[in-house]
Amino acid sequence: MQAKHRASFPIMGTTASVHVNDEITTATFDEVVSEVRNELTRLEDMFSVFRETSEISRINAGTLHHLDASPEVFAVLDACSWLEQASDGAFSIRRSRTASDINPSGFVKGWGGERSASLMSSAGLQHWYVGIGGDFVMRGGLSDAQPWSIGIADPRDATQLVATVDVVDGAIATSGSAERGAHIWDPRTGAPADEFLSVTVTGPSLTWADAYATTVFVMGEPGLKWIAQFGEYDVLPVRRND
């Protein structure tokens, strides 16, 4: 069974999808989708390292001090700083210890997805989910009697699933090399992280599920013990020899 209302659009270098299973008009659905898309676009304009006018690009260019940045930018940089310390440098907004430019894209996708998805609840919707790439935030289940069922793609064959996760309220985030190749770097060594093929994390917050998935992907096997300290989050790694 699928949601009654569905839409998708490109954003942040991937595709976002909005699914609602409430009894609403098409006009109401289109309005909510527009609000979600506008918020994601606003955040992309603020954080993209590919746009010279973004606040992140201006910070890197030295024309904007991070203390003078928008509250959203300051909050993201503060959260990234905490996670860098908590992971002993496995997570970083810099590609390596010697890099000077910052790039919080690895944090912003989950954080921005959760922030924009909150507009769904603010609009009074009860059964919905928003997906951005391999990340999902869900509320209310498909119905009061049925959870959302999200398939986790096999990084070796996108037509196959390694697992299916049923969620009423919560988030799922996957980090790996299947969609974009080897793009996740270990900032401690400056080399690509390649011990796992993918790491999926489930939990209450998409912001942290996404951030923890990236961190565990970089850490490899030690990351499975590291994430255990965050008791509300579960992890599913796909190893190269699985």
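The values are calculated or read from the model by the stated rules, or taken from the named source; none is laboratory data. All of these numbers come straight from a predicted model, not from anything done at the bench. Counting neighbours? That spans all protein chains shown, and the Cβs are built from the backbone with ideal geometry, glycine included.
Taken over the range 51-72, residues that are surrounded by fewer than 11 Cβ atoms within 10 Å (Cβ to Cβ) and either within 22 Å of the chain's Cα centre (by Cα) or in a helix (DSSP H, G or I) (or both) amount to 3.
Scanning the range 185-236 for residues that are part of a strand (DSSP E or B) and either free of Cβ contacts under 8 Å to residues at least 24 places away in the same chain or within 14 Å of Ile172 (Cβ to Cβ) (or both) turns up Ala191, Pro192, Ser198, Val199, Thr200, Val201, Thr202, Gly203, Asp234, Val235, Leu236. Going through (1) crowded, with 21+ Cβ neighbours inside 10 Å; (2) touching a strand residue (DSSP E or B) at 6+ places or on another chain (Cβ under 9 Å) one by one, Phe47 falls short only on (2). What are the residues in the range 97-137 that are buried (at least 22 other Cβ atoms within 10 Å of the Cβ), touching an Asp or Glu at 6+ places or on another chain (Cβ under 7 Å) and closer than 22 Å to Glu72 by Cβ, if any? Once the filter is applied, which keeps residues that are buried (at least 22 other Cβ atoms within 10 Å of the Cβ), touching an Asp or Glu at 6+ places or on another chain (Cβ under 7 Å) and closer than 22 Å to Glu72 by Cβ, the range 97-137 yields Lys109, Gly110, Gly113, Ser116, Asp135, Val137. The listed residues are Asp194, Asp210, Asp169, and the only one of them that is surrounded by fewer than 17 Cβ atoms within 10 Å (Cβ to Cβ), closer than 15 Å to Glu232 by Cβ and not aromatic (Phe, Trp, Tyr) turns out to be Asp169. A single entry from Val167, Val108 fulfils the requirement of being among the aliphatic types (A, V, I, L, M), closer than 18 Å to Thr207 by Cβ and under 12 Å from the mean Cα position of the chain (by Cα): Val108.
Selection of first residues in the range 98-118 that are in contact (Cβ under 8 Å) with a residue 24 or more places away in the chain and of second residues that are in a helix (DSSP H, G or I) and polar (S, T, N, Q), restricted to Cβ pairs under 7 Å at least 6 apart or on distinct chains, gives the following pairs, ordered by first then second residue: Asp101/Asn60; Ile102/Asn60; Gly106/Thr214; Gly110/Thr207; Trp111/Thr207; Glu114/Thr207. Residue count for the range 164-177, restricted to those that are part of a strand (DSSP E or B) and either β-branched (Val, Ile, Thr) or modelled with pLDDT of 95 or more (or both): 9.
Could you grab me the full set of residues in the range 124-161 that are part of a loop (DSSP other than H, G, I, E, B) and more than 22 Å from Ser175 (Cα to Cα)? Within the range 124-161, Gly124, Leu125, Gln126, His127, Gly140, Gly141, Leu142, Asp144, Ala145, Pro147 meet the criteria.
Run down Ser105, Ser116, Ser96, Ser87 and say which single residue is under 17 Å from Trp185 (Cα atoms) and either touching a Lys or Arg at 6+ places or on another chain (Cβ under 9 Å) or among the charged types (D, E, K, R) (or both). Just a single option satisfies the conditions, and that option is Ser96. Filtered by the rule that a residue be out of contact with any Lys or Arg (no Cβ under 6 Å at 6 or more places or on another chain), crowded, with 16+ Cβ neighbours inside 10 Å and not in a loop (DSSP other than H, G, I, E, B), the range 18-27 gives Val18, Val20.
Scan Asp154, Asp144 and give me the residue that is exposed (fewer than 13 other Cβ atoms within 10 Å of the Cβ) and not β-branched (Val, Ile, Thr). Answer to the selection: Asp144.
Screening the candidates Val36, Val73 for the property of being in contact with a strand residue (DSSP E or B) (Cβ under 7 Å, 6 or more places away or on another chain) and among the hydrophobic types (A, V, I, L, M, F, W, C) yields one hit, Val36. A count restricted to the range 85-95 and to residues that are under 17 Å from the mean Cα position of the chain (by Cα) and surrounded by fewer than 21 Cβ atoms within 10 Å (Cβ to Cβ) stands at 0.
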